[in-house]
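S.K.: Can you read through this structure? Questions will come right after.
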Protein chains: 2
Amino acid sequence: MTLRSLEQETLVLNGATIETLRTPCLLLDQRRLSTNIAGMRARLDRLGVGFRPHLKTAKSIDVARLAMTSPSGPITVSTLREAEYFADHGVTDMIYGVGMAPAKLEPVSAIRARNVDLAVVLDSIEQADALAAHCRQQGEAIPALIEVDADGRRSGVSPTDPGLLLAIARQLTSGAELRGVLVHAGASYDLNRPDDLMIAADSERDAALVAARTLVGAGFPCPVVSVGSTPTARFTRDLDGITEVRAGAFMFGDLCQVGIGSMAIDDLALSVLATVIGRNRSQGRTIIDAGWMALSRDRSTARQVVDLGYGMVCDLDGEPYADLIVADTNQEHGVAALRAGSSASLPDLAIGSRVRILPNHACATAAQHQAYRLLPAGPSAALAEWPRCSGW
Amino acid sequence: MTLRSLEQETLVLNGATIETLRTPCLLLDQRRLSTNIAGMRARLDRLGVGFRPHLKTAKSIDVARLAMTSPSGPITVSTLREAEYFADHGVTDMIYGVGMAPAKLEPVSAIRARNVDLAVVLDSIEQADALAAHCRQQGEAIPALIEVDADGRRSGVSPTDPGLLLAIARQLTSGAELRGVLVHAGASYDLNRPDDLMIAADSERDAALVAARTLVGAGFPCPVVSVGSTPTARFTRDLDGITEVRAGAFMFGDLCQVGIGSMAIDDLALSVLATVIGRNRSQGRTIIDAGWMALSRDRSTARQVVDLGYGMVCDLDGEPYADLIVADTNQEHGVAALRAGSSASLPDLAIGSRVRILPNHACATAAQHQAYRLLPAGPSAALAEWPRCSGW
């Protein structure tokens, strides 16, 4: 197996090469990562909107430093653990993008006491009440964004329910700071036609704008109008009135994004390096040492037009073998096989051969690993292992 | 919410109580764990067979010490990292139960150099050839078990292919030690009728016995005849000729095992503690802070008679709410809702309420966490956090 696309001398990672690294392990293609980030930043610059990268996928300060518009942020996080980790590394502008529970206010205040402008998210009067009471008790006005629902999928106040929106705003401002509104168009992940994705992006924007206008019209402040998902960020054409976009999955990309149409196979920066540990050619199976523990149980492509099992099997250059997918997994076993109905021939992968698996869902696959091993950006690039934070 | 089944004063875990622990986190019911282990050991004692617990689910020396028949083992592991971790904690008798790749022989030798009797598994002439060559070069006879296939599901030599079995044995013994045969009846996980499970257990046993007789009949040693899965270990009636059973998932149990019929809801020792962070009663949704990051993406019950989504929602005592499941997840959001067609009423869980989620698949859910928080076995029991090992 040759290594056509990379310089042989650059493959020494922490003393090991891509041929000798213990498998399974998580590879990150630094060149593609940088290209994906540069593309998104240029796109958002053209749209005249700020960028608050979501770090829930990467969970790495090294990736964050490539994505952030300044060393101190802004960023979006999905757990208090991420907030603490990024605060440890000098990030001071964060939104904790998951609905706030009262028991989380004490750790939020502890993080804010480190000169971090950490804002929380909520969508109910109960939460606003708890937050305002906590703020009055602590003598600090914690900033909060009201989550607005664009698609009925999960959380958020309906933009067509101004009464609830204003009631939350009133309750919130009895102690806390109303920072603005926040929308996530989660339903965009079910789409795959550019026209539909543009409509989803418009709906996400409009939900945010309607809510912001309701607040401002009633005399409330609304300095931040925040939207974001990778599919809508890719397909939006107009973000007039929006102040910032949160997106994160685009940095690595995955097969789910390819199925949506928001990324191409050649954009995908994340893969799992695996070794062939068994084969049964009569049954068309090649067994690899990347099972669901290394790939995750995520089957996002199962509901898309092309079901790619637990991932596409590629050679060490990242070139997919025709129709070869990880068809099934156990904890530490992956079963590589041709897709049903394929007329391709099964590649003859000997025991000990190495392959790379492109995952369904970068967030889920990366979460199974403690660190990234970097495929370097060029011959002179530093070789590195980038740790991830985890837990809550 | 009361805590009927546990003494209130025993709930202080590392200074936090089940009411104040940061969520989501992984709870382990020590009483159920101990009962499950005692039950399996008594059962295997009655069957007159040895027990080599599989630690791939628990990945914890504390759990291992409850399950092992001696402080030094024997155990089964699924990764080299587990082998290193358990060796660090004094375990000296292990089978690395996943097919061996040539590049893994060097770390295997390094672990064995620490006076650990670590055996490997293989099912091909190529692997036997690589192992024997490594052994001759190292001047040590590494023990190996030949994996035998009971159900055509994944790996292993067919027991009806004595030619291949003997060819592997010959190649292997040109440098390595033939330790025996090993079978895992993975297809038992697709069953749910006791009669079928007994047949699967018999098939697993018979595959091992046929292969062992082939080897012994040709003059090869076969001291170990190893079988194991939680469903077959629960339903087997006769293991005459088998020397040891490997099983591990039974220690914690999960909803998949309940669907199979190999465990009951009241046996389940593992749950995820979560907090309500949102609700939308008009749409029948309660949002909790346990998404797929805390529960895993595993959907094992989806292919069973009763699909329980991403898990059953219980109160703090572990009592399930009628028909309430985690119907959908995002990374840090779980959507609790009634099962389709349910006539139960949605419990009124306020923001900040705490619930426990029984998972589909204990191995996958535990893998999302770095440690167990123990629900103690009794008022005087030590309170503890048990770490897990992870990675490869």
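S.K.: Would you say residue B:342 is part of a helix (DSSP H, G or I), out of contact with any helix residue (DSSP H, G or I) (no Cβ under 9 Å at 6 or more places or on another chain) and closer than 27 Å to residue A:149 by Cα?
M.R.: Values: part of a helix (DSSP H, G or I): no; out of contact with any helix residue (DSSP H, G or I) (no Cβ under 9 Å at 6 or more places or on another chain): yes; closer than 27 Å to residue A:149 by Cα: yes.
Criteria not met by residue B:342.
S.K.: Of all residues in region B:326-375, which are within 11 Å of chain A (Cβ to nearest Cβ), more than 24 Å from residue A:54 (Cα to Cα) and among the charged types (D, E, K, R)?
M.R.: B:354 - this is the single residue of region B:326-375 that is within 11 Å of chain A (Cβ to nearest Cβ), more than 24 Å from residue A:54 (Cα to Cα) and among the charged types (D, E, K, R).
S.K.: Next question, about the same structure. Tell me, yes or no, whether region A:190-201 has at least one residue that is without any contact (Cβ under 8 Å) to a residue 60 or more places away in the chain, within 14 Å of chain B (Cβ to nearest Cβ), under 21 Å from residue B:331 (Cβ atoms) and surrounded by fewer than 24 Cβ atoms within 10 Å (Cβ to Cβ).
M.R.: For region A:190-201, residues without any contact (Cβ under 8 Å) to a residue 60 or more places away in the chain, within 14 Å of chain B (Cβ to nearest Cβ), under 21 Å from residue B:331 (Cβ atoms) and surrounded by fewer than 24 Cβ atoms within 10 Å (Cβ to Cβ): absent.
S.K.: Given the conditions (1) touching a residue at least 12 places away in the same chain (Cβ under 8 Å); (2) more than 14 Å from every other protein chain (Cβ to nearest Cβ), which single one is not true for residue B:319?
M.R.: Going through (1) touching a residue at least 12 places away in the same chain (Cβ under 8 Å); (2) more than 14 Å from every other protein chain (Cβ to nearest Cβ) one by one, residue B:319 breaks only (1).
S.K.: Check B:262, B:300 and return the single one that is in contact with a helix residue (DSSP H, G or I) (Cβ under 8 Å, 6 or more places away or on another chain), closer than 29 Å to residue B:229 by Cβ and within 14 Å of chain A (Cβ to nearest Cβ).
M.R.: Values: B:262 fails: within 14 Å of chain A (Cβ to nearest Cβ).
Only one candidate qualifies: B:300.
S.K.: Here is a further query. Tell me the residue from B:253, B:241 that is crowded, with 18+ Cβ neighbours inside 10 Å, of a type outside the set (A, V, I, L, M, F, W, C) and in contact with a strand residue (DSSP E or B) (Cβ under 8 Å, 6 or more places away or on another chain), please. Please lay out each step first, then the result.
M.R.: Values: B:241 fails: crowded, with 18+ Cβ neighbours inside 10 Å.
Matching residue, one of B:253, B:241: B:253.
S.K.: In region A:18-52, what residues are part of a strand (DSSP E or B) and of a type outside the set (D, E, K, R)? Lay out the reasoning, then the answer.
M.R.: Our first condition is that a residue be part of a strand (DSSP E or B); within region A:18-52, this holds for A:25-29, A:50-51.
Within region A:18-52, A:25, A:26, A:27, A:28, A:50, A:51 qualify.
S.K.: Oh, and also: Could you pull out the residue among A:290, A:344, A:247 that is surrounded by fewer than 23 Cβ atoms within 10 Å (Cβ to Cβ) and in contact (Cβ under 8 Å) with a residue 12 or more places away in the chain?
M.R.: Being surrounded by fewer than 23 Cβ atoms within 10 Å (Cβ to Cβ) and in contact (Cβ under 8 Å) with a residue 12 or more places away in the chain holds for just one of A:290, A:344, A:247, which is A:344.
S.K.: Do we have any residue at all in region B:215-234 that's over 24 Å from residue A:292 (Cβ atoms) and either crowded, with 24+ Cβ neighbours inside 10 Å or within 13 Å of another protein chain (Cβ to nearest Cβ) (or both)?
M.R.: yes
S.K.: Collect the residues in region A:349-359 that are in a loop (DSSP other than H, G, I, E, B) and closer than 14 Å to residue A:320 by Cα, keeping them in residue-number order.
M.R.: If the condition is that a residue be in a loop (DSSP other than H, G, I, E, B) and closer than 14 Å to residue A:320 by Cα, then A:349, A:359 are the ones that fit.
S.K.: Hey, another quick one. Any chance region B:188-205 includes a residue that's part of a helix (DSSP H, G or I) and of a type in the set (Val, Ile, Thr)?
M.R.: Checking region B:188-205: at least one residue is part of a helix (DSSP H, G or I) and of a type in the set (Val, Ile, Thr).
S.K.: Looking only at region B:273-297, count every residue that is facing chain A (nearest Cβ under 7 Å), over 24 Å from residue B:29 (Cβ atoms) and among the hydroxyl-bearing types (Ser, Thr, Tyr) and tell me the total.
M.R.: Looking only at that region, the number is 0.
S.K.: Does residue B:389 satisfy the condition of being part of a loop (DSSP other than H, G, I, E, B) and surrounded by 19 or more Cβ atoms within 10 Å (Cβ to Cβ)?
M.R.: Yes, satisfied.
S.K.: So, of the residues in region B:56-83 that are of a type outside the set (A, V, I, L, M) and without any contact (Cβ under 8 Å) to a residue 40 or more places away in the chain, which turns out to be surrounded by the most Cβ atoms within 10 Å (Cβ to Cβ)?
M.R.: Among residues in region B:56-83 that are of a type outside the set (A, V, I, L, M) and without any contact (Cβ under 8 Å) to a residue 40 or more places away in the chain, the one surrounded by the most Cβ atoms within 10 Å (Cβ to Cβ) is B:78.
S.K.: Let me ask another. Going by what's in this entry, would residue A:241 be described as over 18 Å from the mean Cα position of the chain (by Cα) and farther than 23 Å from residue A:76 by Cα?
M.R.: So residue A:241 fails the test.
S.K.: Shifting gears a bit: Output the number of residues of region A:136-164 satisfying the condition of being hydroxyl-bearing (Ser, Thr, Tyr) and touching a residue at least 12 places away in the same chain (Cβ under 8 Å). Let's see the steps before the verdict.
M.R.: Let us first name the residues in region A:136-164 that are hydroxyl-bearing (Ser, Thr, Tyr), namely A:155, A:158, A:160.
If we keep only those that are touching a residue at least 12 places away in the same chain (Cβ under 8 Å) too, we end up with A:155, A:160.
Total meeting the criteria: 2.
S.K.: Kindly list the number of the only condition in (1) over 17 Å from residue A:177 (Cβ atoms); (2) in contact with a Pro (Cβ under 6 Å, 6 or more places away or on another chain); (3) of a type outside the set (S, T, N, Q) that fails for residue A:110.
M.R.: (2)
S.K.: Yes or no: residue B:172 surrounded by 24 or more Cβ atoms within 10 Å (Cβ to Cβ), more than 24 Å from the chain's Cα centre (by Cα), in contact (Cβ under 8 Å) with a residue 40 or more places away in the chain and within 13 Å of chain A (Cβ to nearest Cβ)?
M.R.: No; evaluated as a whole, the condition is false for this residue.
Read-outs: derived from the displayed coordinates by stated rules, not from any lab. All of these numbers come straight from a predicted model, not from anything done at the bench. With ideal geometry, Cβ positions are generated from the backbone for all residues, glycine too; neighbour counts draw on all protein chains shown.
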